[in-house]
Structure formats: C-alpha cells, structure tokens
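See structure below.
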Amino acid sequence: MAKKPTSPIKVTAHLADGRLNSADGIVMLDSILYHAWFWNHKPEVLQGIGTVEYDGYTGLPLRQLPGNRWAASRGIYEEIGQAVEHINKRPNFFNADKISRLDMEKGLISDSVGQYRAYRIPNVIRTIKDGKITFWAMGHADEVKALLDCIPAVGKKYAAGYGIVADWAVEECEEDYSLWHPEHGLMRPVEVESDEAAGLEMSEYPVMEYGVKPPYWKIKNLRMCYVPI
C-alpha cells in the first residue's frame, strides 16, 4: 500500500511558565517525536531492557529524508531572559540505611567519587516570551499530535520543573519551512557540502560537529554541519 503523502504542518508548544532548560537553545521537533514514538511503541528500548527483538525501525509520522533524517525544524521562539541556575545533589548522611552505603574498608560514605558523589551542575535557563515555541515539518498532523500528547515537557531537567508543556497545537499550513524560513533562516543542522546546503546562504552560520538526526547526542549521528544557533 502506498504511503499517504505528507503535508506542511506547524506545531506550537505552549509552555506552562515559559522556562526552557537548554545549553545551546536548539530544540528539534524530530527529536521530541523520536522519544514519543519509542515511549508509545518500544518503551523497553528507552528503559534499556528487552532490546534484542528491536530491528531499528522508527516510524515517525514525518517525511523521511536520505540518511534516515526527517523533514522537521528546530523550535523558533523569542527569548526575553536568560539565567544560570544550579542543580545540586548531596548524599543524606542521616538516612537510617546509611550503613549499606559505607565503604567497608574505611567506614565512610564518599561524596567525591562513585554512586554518591555530590555535584553542582549549572543549567542555562531561557525565558520564552508568551511561553510559545513554534516548529515546522512535513508530516501527518493528526499522528504528530497523537505522539506529542504523550510528551510532558521539552528541554532538559523537566523533573525539576523546566520546559513543562501546557498544550500542544498542530495544524496544517501552506508552505514547507522544515529546512529554511524566510524570516528565521536555517531551520535545522545541514551538512557542509551537502546538496541542501548548496542552494542556501550559509555564511552567517557557524560550522561545527552536530547531530543530523535523533538522537542528536549520539556520536555516530554527528557530522560537520552549518548549525542555526
């Protein structure tokens, strides 16, 4: 059976309090949908268990591009504030079960190495005007909305309250802005010397090693790209 053709769509995330935890400010729609797809169809892969039967298939409701990439943009938003906040962790030395965590040779709990190491991690917190982040893609609006409804937040450290999404809106639009937008420019990382880059004005974009598909952190997905930051 032939696949249903994709259409240009616009996706809007409305954040509950407008705070986004992101070091470089880039939030990719295909990465969000990638996580949602696994949450719905292969949760054992996310949990790191039962992956033997997984064949590598990922069925995102987006137009697939060469190299298993997807026609989906970064999030566009207006940043009206930025701050560095720290997340701290220290072991509770007064827990009743602390005996189980003692170094049996020294009789101490180490807070400098190992499982109970204390840390203080800086996080870049961006305040988004009206809490609105907009994405564009080529896809199927109803299927994209169904996946996004499973996603409670965008960015990092949502358990600490950052990036909570109050509502997702998905609608069809007239133009495909998944690669280039007339106002916002480059909409996703593009490999240097690729056919996509050849027809675009890239002089203002930095060249760096960056992911071209989700998961964007994975080393094998990194390429030398023009990056829209």
Task: Positions within segment 61-70 being within 17 Å of Val170 (Cβ to Cβ) and open to solvent by 30 Å² or more (accessible area, probe 1.4 Å), in sequence order - done: Arg63
Open item on the list: Of all residues being among the hydroxyl-bearing types (Ser, Thr, Tyr) and under 19 Å from the mean Cα position of the chain (by Cα) in segment 171-199, which is surrounded by the fewest Cβ atoms within 10 Å (Cβ to Cβ)? Just the residue, please.
Closed with: Tyr177
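Within 29 Å of His86 (Cβ to Cβ), at pLDDT 95 or above and either open to solvent by 50 Å² or more (accessible area, probe 1.4 Å) or of a type in the set (A, V, I, L, M) (or both): is that true of Val207 in this structure?
Taking the combined requirement at face value, the residue does not satisfy it.
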TODO: Confirm whether Val154 is buried (at least 20 other Cβ atoms within 10 Å of the Cβ) and farther than 20 Å from Ser22 by Cα.
DONE: no
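I need the full set of residues from segment 9-26 which are of a type in the set (A, V, I, L, M) and open to solvent by less than 10 Å² (accessible area, probe 1.4 Å), in order please.
Looking only at segment 9-26, we keep the residues that are of a type in the set (A, V, I, L, M), and these are 9, 11, 13, 15-16, 20, 23, 26.
Of everything in segment 9-26, those that are of a type in the set (A, V, I, L, M) and open to solvent by less than 10 Å² (accessible area, probe 1.4 Å) turn out to be Ile9, Val11, Ala13, Leu20.
Of the residues Ser100, Ser110, Ser73, which is modelled with pLDDT under 65, surrounded by 11 or more Cβ atoms within 10 Å (Cβ to Cβ) and small (Gly, Ala, Ser)?
Selected residue: Ser110, the only one of Ser100, Ser110, Ser73 that is modelled with pLDDT under 65, surrounded by 11 or more Cβ atoms within 10 Å (Cβ to Cβ) and small (Gly, Ala, Ser).
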Task: Set Thr58, Thr6: member being of a type in the set (S, T, N, Q), at pLDDT below 90 and surrounded by 11 or more Cβ atoms within 10 Å (Cβ to Cβ) - done: Thr58
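The values are calculated or read from the model by the stated rules, or taken from the named source; none is laboratory data. Please read all numbers here as calculations on a predicted model, not as lab measurements. Heads up, the Cβs are rebuilt from the backbone with ideal geometry, glycines too, and the neighbour counts pull from every protein chain shown. Heavy atoms of the whole protein, side chains included, go into the accessibility calculation; ligands, DNA and RNA do not. Shrake-Rupley method; radii C 1.70, N 1.55, O 1.52, S 1.80 Å.
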